[in-house]
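The values are calculated or read from the model by the stated rules, or taken from the named source; none is laboratory data. Fair warning: this is a prediction, and the values are worked out from it, not measured in the lab. Because the Cβ atoms are built from the backbone with ideal geometry, glycine has one as well, and the counts that use them run over all protein chains shown.
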Amino acid sequence: MNPPRSVEALYRERIDRMTIAERVQRMAELFAWSRGFVARQVVAESGPLTSERLKWEVALRHYGADPTARSMIQRMLARASR
């Protein structure tokens, strides 16, 4: 009898069977999910924001660790209305 495989092994096996197009689609869906998750966190903390302001607040959370990106995003936030 074969020992049970780990969840990680099953996951890797299924990912390995995906085509490149399926992997890219999965990545895009996960990225969209993560942006939505962060957007909900921002709204929960800050209250309602304009769509433009929310977009830049989410970008700041995603890319704010990079000083150059942070600077550019902060300039856009300064222009965005609440």
If a residue must be under 14 Å from the mean Cα position of the chain (by Cα) and acidic (Asp, Glu), how many such residues does segment 23-69 contain?
2
If you check ARG17, ARG23, which single one turns out to be touching a helix residue (DSSP H, G or I) at 6+ places or on another chain (Cβ under 9 Å) and modelled with pLDDT of 95 or more?
ARG23
Identify all residues within segment 1-46 that are farther than 14 Å from ARG61 by Cβ and among the charged types (D, E, K, R); write none if there are none.
ARG5, GLU8, ARG12, GLU13, ARG14, ASP16, ARG17, GLU22, ARG23, ARG26, GLU29
Quickly run through segment 17-56 and pick out the residues that are aliphatic (A, V, I, L, M) and free of Cβ contacts under 8 Å to residues at least 12 places away in the same chain.
MET18, ILE20, ALA21, VAL24, MET27, ALA28, LEU30, ALA32, VAL43, ALA44
Looking only at segment 1-43, count every residue that is closer than 20 Å to ILE73 by Cβ and among the small types (Gly, Ala, Ser) and tell me the total.
4
